[in-house]
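Report on the following structure.
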Amino acid sequence: MTPQPTGRLVRKDDGVYVVLDRIVHAPIEEVWAYFSRSAYLSRWIGEFTGTPSTGAVKFRMNAEGDGAEWENVAIMLCDAPRRLHVDVGSAPGSRRMFVHLTESSGHTTITFGDLLHTVAEGADYGVGWDYYLDRMIAAHDGKPLPVWEDYYPDFLDHYATLCRELDRDIKAEHAAALRDGTDG
């Protein structure tokens, strides 16, 4: 089966997120392990070292070959096994991400979000997160991991279109606010 882009752009109080969902046929605690335990995380994206209960760990991607740098991760919210909010990297370029899990009828829904620094970067990040979340599902299911070439550049048009449409909407809202005198 050929993968399809699934992400969307969501405006929140603190900015625009690329948001993606996945459904896993597994209990929530099992899925939580793929986001909270280094041994499981290493099966699809990277590894961490440190003690999460301290509020900080170091993370290194392993899915993009050798040479990835260790990055600081600040754990902003951890409500196991339902919600995890983190800041990855150093300011001002750090990435704010979240994962929310819900379980129903033996299935767990993953909602993942990554705060964008600019709307335009949503194209690249969307493609990447579709790829990585599909890697997570494959790792969980014991299937071969997907290959990057099935995602990039094929998914770029989907995300670039979302970015252009949102950017157009934001500019139109800003122009309307200026006309109405409501822009602060």
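The values are calculated or read from the model by the stated rules, or taken from the named source; none is laboratory data. The structure presented is a predicted model; accordingly, all values stated were derived computationally and were not measured. Every residue, glycine among them, receives a Cβ derived from its backbone with ideal geometry; neighbour counts consider all protein chains shown. Ligands, DNA and RNA are stripped out before the accessible areas are found, and what is left, the full protein with its side chains, is counted by its heavy atoms. Shrake-Rupley method; radii C 1.70, N 1.55, O 1.52, S 1.80 Å.
Some values worked out for this structure:
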item	result
Cross-chain or 6+ apart pairs with Cβ under 7 Å, the stretch 1-16 first and closer than 14 Å to Thr161 by Cβ, then open to solvent by less than 40 Å² (accessible area, probe 1.4 Å) and at pLDDT below 95	Leu9/Gly122
Filter pass, Ala68 being touching a Lys or Arg at 6+ places or on another chain (Cβ under 6 Å), surrounded by fewer than 19 Cβ atoms within 10 Å (Cβ to Cβ) and at pLDDT below 95	yes
Residue pairs meeting the criteria (Cβ under 7 Å; at least 6 apart or on separate chains; first more than 23 Å from Val19 (Cβ to Cβ) and at pLDDT below 90, in the stretch 162-184; second basic (Lys, Arg) and open to solvent by less than 70 Å² (accessible area, probe 1.4 Å))	none
Residues of the stretch 12-34 satisfying the condition of being β-branched (Val, Ile, Thr), open to solvent by less than 10 Å² (accessible area, probe 1.4 Å) and within 16 Å of Arg135 (Cβ to Cβ)	Val24, Val31
Candidate set from the stretch 1-11 (those that are within 13 Å of Ala123 (Cα to Cα) and assigned to a strand (DSSP E or B)); member that is most open to solvent (accessible area, probe 1.4 Å)	Arg8
Any hit, the stretch 50-58, residues being modelled with pLDDT of 95 or more, of a type outside the set (Ser, Thr, Tyr) and under 28 Å from Pro144 (Cβ atoms)	no
The stretch 134-184, subset more than 19 Å from the chain's Cα centre (by Cα) and of a type in the set (A, V, I, L, M), residue farthest from Trp32 (Cα to Cα)	Leu178
Test result for Asp114, among the acidic types (Asp, Glu) and farther than 25 Å from His140 by Cβ	no
Residues of the stretch 71-119 satisfying the condition of being surrounded by 13 or more Cβ atoms within 10 Å (Cβ to Cβ), of a type in the set (A, V, I, L, M, F, W, C), free of Cβ contacts under 8 Å to residues at least 60 places away in the same chain and over 24 Å from Leu145 (Cβ atoms)	Ala74, Ile75, Met76, Cys78, Ala80
Subset of the stretch 124-152 (residues that are among the aliphatic types (A, V, I, L, M) and out of contact with any strand residue (DSSP E or B) (no Cβ under 9 Å at 6 or more places or on another chain))	Val127, Ala138, Ala139, Leu145, Val147
Matching residues in the stretch 5-16 - criterion: being closer than 17 Å to Phe155 by Cα and not aliphatic (A, V, I, L, M)	Pro5, Thr6, Gly7, Arg8
Scan of the stretch 43-71 for residues that are among the small types (Gly, Ala, Ser) and either under 28 Å from Ser104 (Cβ atoms) or assigned to a helix (DSSP H, G or I) (or both), ordered by number	Ser53
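Every residue, every condition in (1) within 20 Å of Pro5 (Cβ to Cβ); (2) at pLDDT 95 or above; (3) over 10 Å from the mean Cα position of the chain (by Cα); (4) part of a strand (DSSP E or B), yes or no:
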{"residue": "Val73", "(1), (2), (3), (4)": "no, yes, yes, yes"}
{"residue": "Pro81", "(1), (2), (3), (4)": "no, yes, yes, no"}
{"residue": "Gly93", "(1), (2), (3), (4)": "no, no, yes, no"}
{"residue": "Thr111", "(1), (2), (3), (4)": "yes, yes, no, yes"}
{"residue": "Asp114", "(1), (2), (3), (4)": "yes, yes, no, yes"}
{"residue": "Ala123", "(1), (2), (3), (4)": "yes, no, yes, no"}
